[in-house]
Amino acid sequence: MSRISIASDHDSSDALPVSQGRIADFADDPVVCMRRLWARHGEVAALEEGTQRIHFVFGPHYTKQVLSDATTFHSRFFALRGPRRSSHRRVTSGLLSMNGDEHRRHRRMVMQPFQKSAIGAYHETVCEVADELVSGWQPGQLVDINAEMTRYMLRLTSRILFGLDNAELAEHVGELTERWVALNHALGPAAFSADDASTDLYEELLAAAGELEVAAKEMIRSRRDGKPGSDVLSLLLRAHDEQGGITDEQLMGHIVLLFGAAHLTSAHTLTWTLLLLAQHPDVMRQLHEELTTVVGDREPRQEDLDALPYLDRVLKESMRVLPASSYSQRVAAEPTQLGPFSLAPGAVVIFSQFITHHLPELYAEPERFLPDRWLDLRPSPYAYLPFGAGPRMCIGAALGMMQLKISLPSLLRRFKFSLVPGATVNARVMSTMLFPTTSVPMRIESQDGQFTSQPIGGNIHTLVDFPSVSGASPIRKAA
């Protein structure tokens, strides 16, 4: 099993902000581990086990140093790349595994469909897919809203990014992607230290990558059989077939990365936003008033996006308090200084959107969902970074925001959502993303403008401070 190298600092741990512990503890619960490191050491820290060390930066100062310098700090998103000719190596060969001139060239290649000038063309598709979703709902229906949002974003992603209208294939690729992501997360500690017990899981990861590659090839075949368009997949296929600017391996990596990132992060953002709105009836009431005034009973239009300031604040605050992407990593490509640490090449540095978004010196009452904080708040790009920051900022940020700003009004103008009383909602960061690890059971009712919250349990209470429920106390059960 191939492993990444975590270079050991030559500094003595004495007087350095280093905590001794199991590196596997970070993979088990990244938020708990990072909160402890920040509470003990502040904005720069390290977790050390034997000769291995992982570095962490929290807050805008050191985050800016790491994310703005793409020459010194390289991306190595996938800890395990797999054998050279394996499916796993191919499906991990996209932008997140590229650096330097190669990354810049490929980023330019796939940027065109994500430009603001191109995004307006996707508006009608978002409205159509949202209407297909809500047309299948009935008042009084009980759903797992995360499953519903995941299916919705799978369909939308396949339509917008890949020019496909095959819901069954999209769901199949999505299921395989989630399984592959979970296995990458489960094997994270094996990248840092030898563990023979991980061998079977590693073989399972390679097999899952093989299945994912087969399904992705089916997406490619389907797109080639259709009429070429302006979607990302058509663009990549032209670059691959005509220009010779992209290899088979890189094509596969781009497709898997774009599909996985686009549907999972947006689905989770929609899920967390609907949960926060359901548990904050005053916020939902104010949002409903704005949507009723601006959008009414019709589909949201492109020009509405600039006329919904409260929706904008709700989304900003949702992505602050429960960011779908909660941490990521960089690797030192050359010797460098990071605060008190002298980093050798290969040293791993974790930066965390979640911890930075919850720093009390940046955000008053950071665990509370307060959209109106954004009336006056103007954080730096490295203090608020739901899409990352710097030269490797997410290329789909503008498209993602457009999808969210069209999707939410499309859902909320026809239905209201309330959590099932007593439901347990748990969340966990896996492979950098904040996943619901339980169902998020919601009852769908016709929209009548009347909103109440419900008592719920689960570790979601360790991430968000919910207001008290009228007539009941919240259930605070540990994960």
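The values are calculated or read from the model by the stated rules, or taken from the named source; none is laboratory data. Everything numeric here is computed off the predicted structure, so don't read it as measured data. Using ideal geometry, Cβ is built from the backbone for each residue, glycine included, and neighbour counts are taken over all protein chains shown.
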Report task. Can you give me the ranges of the helices (runs of 4 or more DSSP H) entirely in region 83-122 with at least 3 residues that are exposed (fewer than 12 other Cβ atoms within 10 Å of the Cβ)? Result -> 100-111
Report summary line: Flagged pairs (Cβ under 6 angstrom, 6 or more apart or on separate chains; first in region 124-142, in contact (Cβ under 8 Å) with a residue 12 or more places away in the chain and among the hydroxyl-bearing types (Ser, Thr, Tyr); second surrounded by 12 or more Cβ atoms within 10 Å (Cβ to Cβ) and part of a helix (DSSP H, G or I)) are Thr125/Arg159; Thr125/Ile160
Requested in this report: Any chance you could count how many residues in region 130-147 are assigned to a helix (DSSP H, G or I) and under 21 Å from the mean Cα position of the chain (by Cα)?
Outcome: 4
Query raised in the report: Pick from Ala239, Ala197: which is among the small types (Gly, Ala, Ser), farther than 29 Å from Tyr327 by Cβ, modelled with pLDDT under 85 and in a helix (DSSP H, G or I)?
Result: Ala239
Report summary line: Taking region 365-415 and keeping residues more than 30 Å from Met98 (Cβ to Cβ), in contact with a His (Cβ under 8 Å, 6 or more places away or on another chain) and not aliphatic (A, V, I, L, M) leaves Pro366, Glu367, Phe369
Query raised in the report: Looking at Ala46, Ala27, Ala79, which one is modelled with pLDDT of 95 or more, under 20 Å from Gly346 (Cα atoms) and either in contact with a helix residue (DSSP H, G or I) (Cβ under 9 Å, 6 or more places away or on another chain) or in a helix (DSSP H, G or I) (or both)?
Result: Ala46
Query - Out of Leu251, Leu257, Leu287, sole residue that is hydrophobic (A, V, I, L, M, F, W, C), free of Cβ contacts under 8 Å to residues at least 40 places away in the same chain, surrounded by fewer than 24 Cβ atoms within 10 Å (Cβ to Cβ) and more than 18 Å from Glu367 (Cα to Cα) - result: Leu251
Report task. Please tell me if Thr150 is polar (S, T, N, Q), modelled with pLDDT of 85 or more and either in a loop (DSSP other than H, G, I, E, B) or touching a Lys or Arg at 6+ places or on another chain (Cβ under 8 Å) (or both). Result -> no
Query raised in the report: Across region 215-236, which residue is surrounded by the fewest Cβ atoms within 10 Å (Cβ to Cβ) among those that are basic (Lys, Arg) and closer than 18 Å to Gly260 by Cα?
Result: Lys217
Query raised in the report: Only one of these conditions is not met by Gln450: (1) modelled with pLDDT of 95 or more; (2) more than 18 Å from Val283 (Cβ to Cβ); (3) polar (S, T, N, Q); (4) surrounded by fewer than 17 Cβ atoms within 10 Å (Cβ to Cβ). Which number is it?
Result: (2)
Report summary line: The condition from (1) of a type in the set (Gly, Ala, Ser); (2) farther than 30 Å from Arg238 by Cβ; (3) free of Cβ contacts under 8 Å to residues at least 40 places away in the same chain that Ala79 misses is numbered (3)
Query - Residues that are modelled with pLDDT of 95 or more and among the hydrophobic types (A, V, I, L, M, F, W, C), drawn from region 415-433 - result: Phe415, Phe417, Leu419, Val420, Ala423, Val425, Ala427
Query - Near pairs, Cβ below 9 angstrom, 6+ apart or cross-chain, from region 212-231 (among the charged types (D, E, K, R)) to any residue that is part of a helix (DSSP H, G or I) and modelled with pLDDT under 85 - result: Arg224/Asp241; Asp231/Pro113
Report task. Would you be able to say whether some residue in region 155-166 is acidic (Asp, Glu), at pLDDT below 95, in contact with a helix residue (DSSP H, G or I) (Cβ under 8 Å, 6 or more places away or on another chain) and in a loop (DSSP other than H, G, I, E, B)? Result -> yes
